[in-house]
Amino acid sequence: MLQVAAASSLRKFRTGDPDVAHRHVATTFANHELALDDRQPVDFRLDTISSGRLTLGRMSYGAAAILNGPPMQSCYHVNFLIEGSSVVEQRGVRRNLDARQDGVVFVPDSPVMINWSADATQYHLKLPIDTLETHAGTLLGRPEKQEVRFDLTFDTAAGTGRSLLAAVKFLYRELAREDGIATMPLARHDFESSLMTQLLLTVPNQLTEALVGPSPRAGSPTVRNLIDFIDAHPDEAMTTADLAAKAGVTARALQLGFQQAVGMAPSEYVRSVRLDRVRSDLAAGRSESVSASAARWGFFHLGRFARQYREKFGELPSETLNRSMR
């Protein structure tokens, strides 16, 4: 059962004390050694927020900083540099990063080094090892977790990297917002899964070929069984990865099978069924507002929801609700 989180669990931390900053980062992320440029005043800022399966943060030191840490062991850690510059190193690979141009993924099994400029600011994404590796296995239709050997850095200036950075920023804002996505379990679960899938497809790794390469489509009986399940349980968590795991096929095979059977992706079919449930609630007067019914069925972006509703039913959700109240 997916749980509703608090309206907002954003934690804001500020300090000018280097030792306090060091301890706070160690507690929040991982143990490390920290050297700060003592010619510059420290203005450490770290805002963090956790959802069901990941932690997001935005951090800056206000002074040049060098961090050396042992293997994190329990998590994958992704940094998105949005101001300043940095140098990173892991597994003998060393790279220079520029703001809004580069991201870095640190894997759990090797020491890390990060050298930030004084003006550096970055978003952090912390993914527990079990969470990401289970998701990778699910996408591939494999029952066991899949270790992911990411390349160290990736481009965030264009293409899928830019989209991944935009998704991180959006989720950070939504989780921090009062009555945002944190209060909508279905939507939060879907977005978390989508973010992990984006990461796996964006940053080159040893699973890339299996994730994006040719795949046989799921057979008709498999698709029909899943359609029956979706129709009967639209209130359950149902990302493409969840459905692929239930069917024991890869996410790619499932997408091809649904496209063949119903002319749309699995996620689009789930959305269509949930739109039907919203319409049923509104038409029967079972919901006090459009926003309440939309949130119940996992729609957190009301403008996009209204557009999708109108495309399917030829009217706005407010029109359906108003007619039921006459």
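The values are calculated or read from the model by the stated rules, or taken from the named source; none is laboratory data. Fair warning: this is a prediction, and the values are worked out from it, not measured in the lab. Counting neighbours? That spans all protein chains shown, and the Cβs are built from the backbone with ideal geometry, glycine included.
Of note:
- Total residues in region 83-127, condition modelled with pLDDT under 95, basic (Lys, Arg) and surrounded by 18 or more Cβ atoms within 10 Å (Cβ to Cβ): 0
- Within region 137-156, the set of residues being aliphatic (A, V, I, L, M) and either modelled with pLDDT under 95 or touching a Pro at 6+ places or on another chain (Cβ under 7 Å) (or both) comprises LEU139, LEU140.
- Total residues in region 143-163, condition of a type in the set (Val, Ile, Thr) and assigned to a loop (DSSP other than H, G, I, E, B): 2
- Residue in region 281-326 that is nearest to PRO234 (Cα to Cα), counting only those that are part of a helix (DSSP H, G or I) and among the basic types (Lys, Arg): ARG296
- Residues satisfying the stated conditions in region 192-223, i.e. without any contact (Cβ under 8 Å) to a residue 40 or more places away in the chain and exposed (fewer than 14 other Cβ atoms within 10 Å of the Cβ): GLU209, GLY213, PRO214, PRO221
- Positions within region 43-71 being among the aliphatic types (A, V, I, L, M) and surrounded by 20 or more Cβ atoms within 10 Å (Cβ to Cβ), in sequence order: LEU46, ILE49, LEU54, LEU56, MET59, ALA63, ALA65, LEU67
- Pairing each residue of region 224-250 that is closer than 20 Å to LEU275 by Cα with any residue that is among the acidic types (Asp, Glu) and assigned to a loop (DSSP other than H, G, I, E, B), provided the two are 6+ apart or on different chains, yields C-beta distances under 9 Å for PHE229/GLU236; ILE230/GLU236; ASP242/GLU236.
- Options THR197, THR153, THR208; residue that is under 26 Å from GLU89 (Cα atoms) and not assigned by TED's automatic domain parsing to the domain that holds ILE114: THR208
- Looking across region 134-174, the residues that are acidic (Asp, Glu) and within 30 Å of ARG217 (Cβ to Cβ) come down to GLU144, GLU147, ASP151.
- Selection status of GLU192, of a type outside the set (Val, Ile, Thr), touching a Lys or Arg at 6+ places or on another chain (Cβ under 7 Å) and within 27 Å of PRO234 (Cβ to Cβ): yes
- Residue check for GLY285: modelled with pLDDT under 95 and among the small types (Gly, Ala, Ser): yes
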